[in-house]
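Report on one structure; see the data block that follows.
Nothing in this text is a laboratory measurement; each read-out follows from the coordinates by a stated rule. If you're wondering where the values come from, they're calculated on a predicted model, not measured in any experiment. FYI the Cβ positions are ideal-geometry reconstructions off the backbone, even for glycines, and counts take in every protein chain you see.
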Amino acid sequence: MSFDYIIVGGGTAGCVLAHRLIRHGGNKVLLLEAGPPDHSMYVHIPMGLGKVAGDPRYMWYYPSEPEKATGGKPGVWLRGKTLGGSSSVNGMVYARGNPADYDRWEASGATGWGWDTMRRAFVEIEDHELGATEWRGAGGPLHITIHKTRSRLGEAILDGCEHLGTPRKEDINSPDQHGVGYSPQTIGKGRRMSAATAFLRPVMSNPNLTVVTDALVEKIEISAGCATGVKYRKGGKVETVGCRGEVILAAGAVGSPKILQLSGVGPANLLSRLGIDVVVDRPAVGENLSEHKGTWIENHITTPDSLNVWLSGWRLVREAIRYQLFRTGPLANGVLINGFIKTQPDLELPDAQISFFDLTVVKGATSMTLEKKPGFMAGAWQLQPESRGYIRLRSPDPEDFPEIRANFLTVEKDREVMVRAFRYLRQLMQTPQLSPLIERETVPGREVQSDEEIVEASYAGENAYHATGTCRMGSDADAVVDPYLRVRGVEGLRVVDCSVMPTQVSSGVNGPVMALAWHAGGLIAGQAAGPKSPLTN
């Protein structure tokens, strides 16, 4: 069997693409996903994310290389491995980045991908409970709601931020990004709105769409400079499927460069050393890796306004019944509060994101186990890190994980922003609004005071799972894909996911990837205006 389009990766971008390509024309589309269907109830219950994160059936656990910023130990990069990808396992925060991010893309050579384009895409995909504005959508496939919990703790956090000069906002995705508010969430009627739920499910019954799960792609078949199909493994059997149109890689910042390299598109010296035939020498494949590195403060508090209390003992039973009957309560929500701050008053744009979770977890537990005492976590990360890493094959075996080296905090500016963001959180804990609720700081502890100690403590912080850039889009000859997202040097092959982002977005990547894939689907299906000047491979 042959298809018009083969989408490699049934994650966030892949589900949106399948929706667009099926809805616009009589295209026959094959969607290949390495993981299983998203049937687990914990995928769909918002607070089920703790269960899913510990389940290897639904997660990739990519090991990263030891480095100073990980305390000299290997890190673990979590990614979703099911329909919907990471949108099925993430914290469900819906943030769009700063308009300046996309204008920066366009200025760097990603012609046609500025804020005007991306704003339209965001508006078209959104069904926001706050209603439509010039910059916010309603009536689209993606339901977005505001976190419903209102507590003494949440109000104290927001009032404390205002005390420090960070304005409170009803919608943190307003074009003027500076501000803090209750989190916008990809949650609808108390259930997670993953890309699979919002975009793939409405077209699953279309006879032109074929979805194959548990299918590990081994390589893109390339003949005479043209992508002709995909080789994949399912249930121990290797299959090759042909494509009469285009192959579209949507496997993410780790998966897409890995598959390109396995297919002979990448740095020639690396591929030759591994015994892989070089199809196109493209040194930039896997380079330009950017990720948000987090720093965290945890506190025990004097008020019971914490999931540690609400989801323990008989209260957990009560909330489970409440959720089952009404789809409301703490099980129906995600991250409490999010915001974007300026760590220096003279900055034009925010340079750090802050997030607040009304819970703390037992350290070292194999799954997310809440502490008994009430508490909350506060995190911060730099929005535009300058440190860059890479993704490279370790071997020609498709089942081997690639080498991931993030090079976190190797640029001095990144360390400086990290320290200032941490100190902002510390100042917040000492405001007259919040300090009366804090019993004591448990992580990293008040003994951490100097800049050097703060940086050292930040090494224990997780990355934010916002990797981008490893198949950079641009108009220059070194870019992996052009502004039509076509892989340079191979006809009939595109990449559509966070790996094509030239630079980071100033937020999480879930919403931006959906908007990117939405616009890309229109480009591919001929439904949207493309870049202003024609480009060739």
(request) Could you pull out every one of the aspartates and glutamates with an alpha carbon less than 13 Å from that of residue 28, ignoring same-chain neighbours closer than 8 positions? (result) 4, 246
(request) If a/c stays under 1.5 just call it rounded; otherwise compare a/b with b/c (prolate if a/b is bigger, oblate if not). Do that for the range 1-122, with a ≥ b ≥ c from the square roots of the Cα gyration tensor eigenvalues. (result) oblate
(request) Pop a pseudo-label 7 angstrom from the Cα along the beta-carbon direction at both residue 440 and residue 475 and give the gap in nm to one decimal. (result) 6.0
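Taking loop as defined by DSSP and a crowding limit of 13 other beta carbons within 10 Å, which trypsin sites (Lys or Arg not before Pro) in the range 371-411 fit?
The qualifying sites are 372, 394.
Could you calculate the contour length gain from residue 138 to residue 76, that is, 0.36 nm times the residue separation minus the distance between their Cα atoms, to one decimal place in nm?
Between residue 138 and residue 76, full extension yields an extra 18.6 nm.
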(message) Among 259-272, 81-94, how do they line up by average Cβ neighbours within 10 Å per residue, starting with the highest?
(response) 81-94, 259-272
(request) Principal axes first, then extents: for the Cα atoms of the range 381-456, list largest minus smallest coordinate on each axis, whole Å, largest first. (result) 58, 26, 21
(message) Using a 10 Å cut-off around each Cβ, can you sort 319, 126 from fewest to most neighbouring Cβ atoms?
(response) 319, 126
(request) Round to a whole angstrom and tell me the spacing of the C-alpha centers of the range 90-134 and the range 483-518. (result) 13
(message) Ranking request for peptides 118-125, 249-256: highest mean number of other beta-carbon atoms within 10 Å first, then the rest in descending order.
(response) 249-256, 118-125
(message) Under the rule of at least 5 residues apart or a separate chain, name every residue whose amide H is placed under 5 Å from the amide H of residue 83.
(response) 38
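What are the GluC sites (Glu not before Pro) within the range 441-480 that DSSP puts in a loop, where the Cβ has at most 16 other Cβ atoms within 10 Å?
Details: sites: 441, 447, 452, 453, 456, 462; in loops: 447, 462.
Sites meeting the loop and neighbour criteria: 447.
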(request) Using R₀ = 45 Å, calculate the FRET efficiency as 1/(1 + (r/R₀)^6) where r is the Cβ-Cβ separation of residue 349 and residue 397; round to 0.05. (result) 0.55
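As a test of the formula, what do you get for the chain when each DSSP H run with n ≥ 4 contributes -39,500 (n - 2.57) and the sum is divided by the residue count, at 222 nm and rounded to the nearest 500 deg cm²/dmol?
On the way: 13 runs with 130 residues, N = 537.
Mean residue ellipticity at 222 nm (helix-derived): -7000 deg cm²/dmol.
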(request) Under a cut-off of 18 Å between alpha-carbon atoms, report the lysines in cross-link reach of residue 234, not counting same-chain residues fewer than 8 places apart. (result) 81, 219
(request) Take peptides 195-207, 27-39, 306-318 and line them up by average Cβ neighbours within 10 Å, highest first, as a rough protection proxy. (result) 27-39, 195-207, 306-318
(request) Please work out how much length the chain gains when fully extended from residue 1 to residue 107, using 0.36 nm per residue of separation minus the C-alpha to C-alpha distance, in nm with one decimal. (result) 34.0 nm
(message) Between the range 252-322 and the range 452-475, how far is it from one alpha carbon centroid to the other, in angstrom?
(response) 10
(message) About the Cα centre, and with charges only on the beta carbon of Lys, Arg (+1) and Asp, Glu (-1), how big is the dipole of the range 351-429? Nearest 20 debye, please.
(response) 400
(request) Mind checking which of 88, 115, 133 is farthest towards the positive end of the range 76-134's charge dipole, using Cβ charges of +1 (Lys, Arg) and -1 (Asp, Glu) about the Cα centre? (result) 88
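Taking a ≥ b ≥ c as the square roots of the Cα gyration tensor eigenvalues, with a/c under 1.5 meaning rounded and otherwise prolate when a/b beats b/c, else oblate, which class fits the range 110-231? Please report the intermediate quantities before stating the final value.
Working: a/c = 2.41, a/b = 1.97, b/c = 1.22.
Because a/c hits 1.5 or more and a/b exceeds b/c, the range 110-231 counts as prolate.
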(request) Indicate, rounded to the nearest 5 percent, the antiparallel portion of the DSSP beta bridges found entirely in the chain. (result) 70
(request) Go ahead and run the numbers for FRET between residue 325 and residue 237, Cβ-Cβ distance against an R0 of 30 Å, rounding to 0.05. (result) 0.10
